[in-house]
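Inspection log for the structure reproduced underneath, given as structure tokens.
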Amino acid sequence: MLTSLSELPARKAAGPPLAVLTAYDYPMGRLLDEAGADLLLVGDSLGMVVLGLPDTTGVTLDMMCHHTAAVRRGVTRAPVIADLPYHTYRDASEALASARCLVEAGADAVKLEGGVDFVPQVRAIVGAGIPFVGHLGMLPQSVRVEGGYKKKGRTPEDADRLLADALALDAEGACAIVLESMMPEAAEAITRRIRANTIGIGAGPGTDGQVLVTSDLTGAFPWFRPPFARARAAVADEMSRAAREFIADVRGC
Ligand code: KIV
């Protein structure tokens, strides 16, 4: 079990693979920390699976700070990564100011979506001593521009572009990079070439670790689950059952 981000290089070298989960509030943070997750991510996926928004573009920095602080109160061991939400890192100074808010709320590291085009932002964050996690491949914050969630790295040109992005973030000192929804060969090539740990989601088995949205893992958000995510519990069913039982009990029927 990881206790500090400084242990990441050793895990890349010797394993075992990193097991990473998202957390959005105190009980989730505490339960997942106690269960032994290596890293916890306060993902802006909370916009969908907690707040009922259609995608992550409506998530604000205030929301992220609020949830990061709640997770922080529950976590004593696992490093906590928090997402910089959409339009909070449009240039280097905005990125640094937003990253500082997340760190003040309790994040150990911050994550943003994008590669080469975001080098100035990453340089400002890392230069200020804030650990940085990248995010490449399918970028949920670009869903509206891209017109949907599309798998990446299907052509040699696209795989080369992803590798160039990963190398750029690696050179800036990223401690880890999430690789989301990309062809397994592209994810493997990146994993072999960079120093940072890769954390895959829908990117095949050849990365340094795997991350899942916890609501997908636990079946807590039954209305949508990506095809690669296997639910290992049925939390929504259990909640509905308990509620129905209580309602029937109170009504005496
Ligand atoms: O927001 C999130 O939960 C994420 C994961 C999908 C990696 O970025």
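The values are calculated or read from the model by the stated rules, or taken from the named source; none is laboratory data. Keep in mind the model is a prediction, meaning the values are calculated, not measured. Backbone-built Cβ (ideal geometry, glycine too); neighbour counts: all protein chains shown. For the accessible areas, the whole protein counts, side chains as well, though only heavy atoms, and no ligand, DNA or RNA atoms are used. Shrake-Rupley method; radii C 1.70, N 1.55, O 1.52, S 1.80 Å.
Structure values in brief
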quantity	calculated
Within region 112-142, tally of residues that are away from the ligand (no atom under 16 Å from the Cβ), open to solvent by 30 Å² or more (accessible area, probe 1.4 Å) and farther than 19 Å from SER6 by Cβ	4
Breaking point among (1) open to solvent by 20 Å² or more (accessible area, probe 1.4 Å); (2) within 16 Å of the ligand (Cβ to nearest atom), for ALA176	(1)
Residue tally, condition in contact with a Leu (Cβ under 7 Å, 6 or more places away or on another chain), assigned to a loop (DSSP other than H, G, I, E, B) and not aliphatic (A, V, I, L, M), over region 26-44	1
Residue within region 86-100 that is within 13 Å of the chain's Cα centre (by Cα) and within 15 Å of the ligand (Cβ to nearest atom) present	no
Count of region 32-83 residues which are aliphatic (A, V, I, L, M) and open to solvent by 30 Å² or more (accessible area, probe 1.4 Å)	8
Residues of region 14-31 that turn out to be away from the ligand (no atom under 13 Å from the Cβ) and buried (at least 24 other Cβ atoms within 10 Å of the Cβ), as a count	1
Where ARG11 falls short, out of the listed (1) touching a residue at least 60 places away in the same chain (Cβ under 8 Å); (2) within 16 Å of the ligand (Cβ to nearest atom); (3) not hydroxyl-bearing (Ser, Thr, Tyr)	(2)
Of the criteria (1) away from the ligand (no atom under 13 Å from the Cβ); (2) open to solvent by 50 Å² or more (accessible area, probe 1.4 Å), which one ALA105 fails	(2)
